[in-house]
Amino acid sequence: MKSRAAVAFEAGKPLQIVEIDVAPPQAGEVLVRITHTGVCHTDAFTLSGDDPEGIFPAVLGHEGAGIVVEVGEGVTSVKPGDHVIPLYTAECGQCLFCKSGKTNLCVAVRATQGKGVMPDGTTRFSYNGQPVYHYMGCSTFSEYTVVAEVSLAKVNPKANPEQVCLLGCGVTTGLGAVKNTAKVQPGDSVAVFGLGGIGLAVIQGAKMAGAGRIIAIDTNPSKFELARTFGATDCVNPKDHDKPIQQVIVEMTGWGVDHSFECIGNVGVMRAALECAHRGWGQSVIIGVAGAGQEISTRPFQLVTGRKWLGTAFGGVKGRTELPGMVEDAMAGRIQLAPFVTHTMPLTEINEAFDLMHAGKSIRSVVYY
Ligand SMILES: NC(=O)c1ccc[n+]([C@@H]2O[C@H](COP(=O)([O-])OP(=O)(O)OC[C@H]3O[C@@H](n4cnc5c(N)ncnc54)[C@H](O)[C@@H]3O)[C@@H](O)[C@H]2O)c1
Ligand SMILES: [Zn+2]
Ligand SMILES: [Zn+2]
């Protein structure tokens, strides 16, 4: 079938809106009509060419909501008409990782997902007879996409897709990092570096967890108002200080914060985030995705004196098990999604979403089909 899609033909170039061909779902696969998709910084990162796993031409996008159109052989957990959120972290329930109870990093489709193909090693997308690759197992920048059954969370059909698509990545990642990775406790102090969709979701999660002081840090002060709305108690612009930001945070708090979160993808800030963690027990969670080949560093003394360096993908959330409940939480107002959606636009204007992100003017742009 034909599908309108925004295709990344080359790194560093705008997406092109074209009609691609989408092949039917094979065994264990599902054809989904995407109705809405957010644009996450990770899409911009891959489009920039800095992502070692980036393959072109590809259909990017991994923060979507849609409706099942057709299922391949053997698919039992979803049927046509079901409302779904595609998952870039699958959950098969069978693999070593799923069974461990220790992680959400299912490996069922990992090897092929990273290569931009479906589990049988081929792609369902093509343009003028040439293959177009999948992205993060989701490819939500195509109206019709094919996703592995294990990469779909079935959610309440009454949920607002313009908002719950954000549970496909940004908001879930931030909330999950607080709850599953850092396990923030009532009264704990928190520092959040980077106030995009991820960082603001961390603040919302910290507030929900009953954190005491929540310090929001960004070089773009226009983000502070929303950060305060979500629960930030202090807002700090590193540019207002002539000393390293970690020193500023330590001085503000005495011994540093109980938890810090890096939500930018900057290895220098990752170091600062670790070093502003409390002596003896403070921990720092890396969420940001750094460029290919970049490395983190600090003095080992920072760890010897009790700080912990952690990281998280999709906030440690098991998508098929947990997303349906998170969608219910959003519908009941326990999770706030509306403030994240600062812009909406039709697919034809998707490049504008990237421009707004790079200009620091949006939190999330949601594209509709
Ligand atoms: N681990 C995961 O599962 C996961 C999931 C989603 C996104 N990510 C990553 O999280 C990061 C954030 O994503 P986003 O969509 O919120 O991005 P975004 O671009 O919307 O937000 C980043 C924010 O960081 C601020 N910033 C930039 N440099 C800074 C600095 N030196 N000091 C302080 N603030 C600075 C920017 O002003 C901006 O507000 C990206 O690296 C993205 O790839 C990771
Ligand atoms: Zn994302
Ligand atoms: Zn698994």
Scanning for something within 16 Å of ligand 2 (Cβ to nearest atom) and surrounded by fewer than 18 Cβ atoms within 10 Å (Cβ to Cβ), does the range 114-123 turn up at least one residue? yes
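Of the residues Val317, Val341, which is within 14 Å of ligand 1 (Cβ to nearest atom) and crowded, with 22+ Cβ neighbours inside 10 Å?
Numbers: Val341 fails: crowded, with 22+ Cβ neighbours inside 10 Å.
The match here is Val317.
Go through the residues of the range 69-86 one by one and say whether even a single one is within 16 Å of ligand 1 (Cβ to nearest atom), part of a loop (DSSP other than H, G, I, E, B), modelled with pLDDT of 95 or more and in contact with a Cys (Cβ under 6 Å, 6 or more places away or on another chain).
Within the range 69-86, the subset within 16 Å of ligand 1 (Cβ to nearest atom) is 85-86.
Next cut, part of a loop (DSSP other than H, G, I, E, B) only: none.
Scanning the range 69-86 turns up no residue that is within 16 Å of ligand 1 (Cβ to nearest atom), part of a loop (DSSP other than H, G, I, E, B), modelled with pLDDT of 95 or more and in contact with a Cys (Cβ under 6 Å, 6 or more places away or on another chain).
Could you check the range 1-52 for strands (runs of 3 or more DSSP E) lying wholly inside it with 2 or more residues that are touching a residue at least 24 places away in the same chain (Cβ under 8 Å) and within 23 Å of the chain's Cα centre (by Cα)?
Details: elements: 2-7, 16-22, 29-38.
The strands (runs of 3 or more DSSP E) meeting that bar are 2-7, 29-38.
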Among (1) under 24 Å from Glu328 (Cα atoms); (2) within 16 Å of ligand 3 (Cβ to nearest atom); (3) surrounded by 18 or more Cβ atoms within 10 Å (Cβ to Cβ); (4) not aromatic (Phe, Trp, Tyr), Ala108 falls short only on (1)
Could you look through the range 178-192, keep only residues that are surrounded by fewer than 24 Cβ atoms within 10 Å (Cβ to Cβ) and farther than 21 Å from Met252 by Cα, and pick out the one that is nearest to ligand 3 (Cβ to nearest atom)? Asn180
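Does the range 56-63 contain at least one residue that is within 16 Å of ligand 2 (Cβ to nearest atom), outside any loop (DSSP other than H, G, I, E, B) and in contact with a Leu (Cβ under 8 Å, 6 or more places away or on another chain)?
Taking the range 56-63 and keeping what is within 16 Å of ligand 2 (Cβ to nearest atom), we get 58-63.
If we keep only those that are outside any loop (DSSP other than H, G, I, E, B) as well, we get 58, 63.
Going one step further and asking which of them are in contact with a Leu (Cβ under 8 Å, 6 or more places away or on another chain), we end up with 63.
Checked against the condition, which is being within 16 Å of ligand 2 (Cβ to nearest atom), outside any loop (DSSP other than H, G, I, E, B) and in contact with a Leu (Cβ under 8 Å, 6 or more places away or on another chain), the range 56-63 yields at least one hit.
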Which of the strands (runs of 3 or more DSSP E) found entirely inside the range 193-311 contain at least 2 residues meeting this: surrounded by 15 or more Cβ atoms within 10 Å (Cβ to Cβ), under 21 Å from the mean Cα position of the chain (by Cα) and modelled with pLDDT of 95 or more? 214-217, 259-262, 283-286, 308-311
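Evaluate the following for Gly74: is it among the small types (Gly, Ala, Ser), surrounded by fewer than 19 Cβ atoms within 10 Å (Cβ to Cβ) and under 26 Å from Leu15 (Cβ atoms)? Walk me through it before giving the result.
Values: among the small types (Gly, Ala, Ser): yes; surrounded by fewer than 19 Cβ atoms within 10 Å (Cβ to Cβ): yes; under 26 Å from Leu15 (Cβ atoms): no.
Taking the combined requirement at face value, the residue does not satisfy it.
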Just wondering, is there one or more residues in the range 26-46 that are over 30 Å from Gly265 (Cβ atoms), out of contact with any Lys or Arg (no Cβ under 6 Å at 6 or more places or on another chain), crowded, with 24+ Cβ neighbours inside 10 Å and not hydroxyl-bearing (Ser, Thr, Tyr)? yes
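The values are calculated or read from the model by the stated rules, or taken from the named source; none is laboratory data. Bear in mind that the values here come from a model prediction, so they are computed numbers and not experimental data. FYI the Cβ positions are ideal-geometry reconstructions off the backbone, even for glycines, and counts take in every protein chain you see.
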